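The block underneath contains the structure these notes are about, expressed in structure tokens.
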Amino acid sequence: MSGRKQVDTTMKFFLLTLGCPKNQVDAEYMSAQLCKAGFVACSDPEDADVLIVNTCSFIETARAEAAENILDLLPYKKPQGNASFLIITGCLPQMIGQEIYDALPEVDTILGTAEYSLIVEAVHGLMAGTWPAGRLPRGVGGLAHVRGERIPAHRQYAWLKIAEGCSNHCTYCAIPSIRGTQISQPISALSEEALALTELGVKELILVAQDTTRYGQDLYGKPTLDLLLRDLDEKLPSNVWIRTMYFYADAITDSLIETMASSPRILNYIDIPIQHASDRILKQMGRSETSAIIKEKIAKLRAMLPGLILRTTVMVGFPGESDEDIEELLSLMEEVKFDRLGCFIFSPEKGTAAMRMPNKVAAGVAEDRYDKVMSLQRQIELDKNKERIGSVTDVIFSDYEQGDILYQGRSYGEAPDVDPIIWVAATVPDLDLSKRHPVRIIDVDNYSLTGVTDYEYRE
């Protein structure tokens, strides 16, 4: 016996997680630790004894979102509400720790990106009055918490965090200072985690890291995403999909492409954030790709992976960006025709090299460039979606309520949260939503697709 006081099993926690899928994984592990310690998760902050916000601080808008959500929770804390404690975790405390206490005295403690495994200890300490007031994060990044049980937020898919941190040091990005350099999980540990998730009923595993293509560089001396994919392909149940996100073009190897092509369960879907197409701007961004490398790797991918869906992210308004640079980006978009594209306006981040660069782009100019990029992409995306009309694809149904006319679903071509929904008309009685079903696409617009189950279409 540790002598620790038994936790009242009626104690409830509300955990809100913001930002990227990697944050979601961190939150799921914290939730599992708390439940194992005897706390009970609740979906309404009004019922909670402990309020936890797991934050993102990648760019200014993410920090603003975090602040807004924290403020929204304050009425649920005593004396107005029921909760005794408010804890802020993740990237925001790592970045601006003391400022949180200064601005929000209602916050009881903060935990940084190396401290998710301390969540139970922190709550126990706050309850006992022994947790140090004003404690600041210690260390940065790491995978100490990614062990043991995990409670996935979704029953059909789960994110598999294959590495933490990033060693690329792009000039605009604060992630290395917030999350540390890349630390990869061993292949054996990831296989074990993946199998455990499939035993819970998960039918799709989505591999994520800051740079998945350099997975294993720190452990094995070279990128080994191809070896990880082969191991998962051999060990997972045959009905489980594997999706990969966040590729860097320069690190895509022939072996990786061949591995993806060798298995139908490794989906022909890739998220490859290119950031820009101007070699001059890419160099200033600290990116190791060039426009030629990007086009070469995409051509190889499309040649080897039939029906490949490509998603990317680009940035406009980077310091020194000219009209000619934007024309290069628009030209590459017209040539490559990404199926999906997200665009950000440059956000100067404290401590980054880009923040100190001269020749800042005026906000209005950056907004106009954003509009140009998204206007072109809307047409490209509509044309790409139209190419899928008449095709039949397996769909996972993600949402349905009794009385709804249409099911919501995703195929191999849609990642959760960021891609279009497939709306599916289905009148088949007792349709098993735990399984994938063939759906024929019959109509599309820019950001959604509509289909019917192929059973009914053939009737």
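The values are calculated or read from the model by the stated rules, or taken from the named source; none is laboratory data. The structure presented is a predicted model; accordingly, all values stated were derived computationally and were not measured. FYI the Cβ positions are ideal-geometry reconstructions off the backbone, even for glycines, and counts take in every protein chain you see.
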Pull out all pairs, ordered by first then second residue, where Cβ-Cβ is under 6 Å, the residues are six or more apart or on different chains, the first lies in the stretch 373-393 and is modelled with pLDDT of 95 or more, and the second is among the acidic types (Asp, Glu).
384/339; 392/454
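So that you can scan it fast, the table gives a plain yes or no per residue for (1) among the small types (Gly, Ala, Ser); (2) at pLDDT below 95:
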| site | (1), (2) |
| --- | --- |
| 100 | no, no |
| 106 | no, no |
| 123 | no, no |
| 129 | yes, no |
| 135 | no, no |
| 153 | yes, yes |
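Can you confirm whether residue 179 is among the basic types (Lys, Arg) and buried (at least 20 other Cβ atoms within 10 Å of the Cβ)? Before the answer, list the steps.
Details: among the basic types (Lys, Arg): yes; buried (at least 20 other Cβ atoms within 10 Å of the Cβ): yes.
When the stated conditions are applied, residue 179 passes them.
Looking at this structure, is residue 136 assigned by TED's automatic domain parsing to the domain that holds residue 17 and either part of a helix (DSSP H, G or I) or within 20 Å of residue 26 (Cα to Cα) (or both)? Walk me through it before giving the result.
Working: assigned by TED's automatic domain parsing to the domain that holds residue 17: no; either part of a helix (DSSP H, G or I) or within 20 Å of residue 26 (Cα to Cα) (or both): yes.
No; evaluated as a whole, the condition is false for this residue.
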What is the one condition in (1) over 29 Å from residue 181 (Cα atoms); (2) part of a helix (DSSP H, G or I) that residue 105 does not satisfy?
(2)
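From 123, 140, which residue is crowded, with 22+ Cβ neighbours inside 10 Å, of a type in the set (Val, Ile, Thr), farther than 18 Å from residue 248 by Cβ and in contact (Cβ under 8 Å) with a residue 12 or more places away in the chain?
Working: 140 fails: crowded, with 22+ Cβ neighbours inside 10 Å.
The match here is 123.
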Do you know which residues across the stretch 163-183 are of a type in the set (Gly, Ala, Ser), assigned to a loop (DSSP other than H, G, I, E, B) and without any contact (Cβ under 8 Å) to a residue 60 or more places away in the chain?
165, 167
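How many residues does the stretch 198-254 contain that are aliphatic (A, V, I, L, M) and in a helix (DSSP H, G or I)?
We begin by selecting, within the stretch 198-254, every residue aliphatic (A, V, I, L, M); these are 200, 202, 205-209, 219, 225, 227-229, 232, 236, 240, 242, 245, 249, 251-252.
When the remaining residues are screened for being in a helix (DSSP H, G or I), the result is 219, 225, 227-229, 232, 249, 251.
The number of residues fulfilling the criteria is 8.
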Being surrounded by 18 or more Cβ atoms within 10 Å (Cβ to Cβ) and farther than 15 Å from residue 190 by Cβ is the filter here, so list the residues in the stretch 224-244 that pass it.
241
Extreme residue, surrounded by the fewest Cβ atoms within 10 Å (Cβ to Cβ), among residues of the stretch 403-455 that are of a type in the set (A, V, I, L, M) and under 26 Å from the mean Cα position of the chain (by Cα):
418
Any residue that is out of contact with any Pro (no Cβ under 8 Å at 6 or more places or on another chain) and over 30 Å from residue 315 (Cβ atoms) - is there at least one of those in the stretch 155-167?
yes
Just for the stretch 110-120: of the residues that are out of contact with any strand residue (DSSP E or B) (no Cβ under 7 Å at 6 or more places or on another chain) and part of a loop (DSSP other than H, G, I, E, B), which one is surrounded by the fewest Cβ atoms within 10 Å (Cβ to Cβ)?
114
Failed item, numbered, when residue 64 is tested on (1) in contact (Cβ under 8 Å) with a residue 24 or more places away in the chain; (2) within 20 Å of the chain's Cα centre (by Cα):
(1)
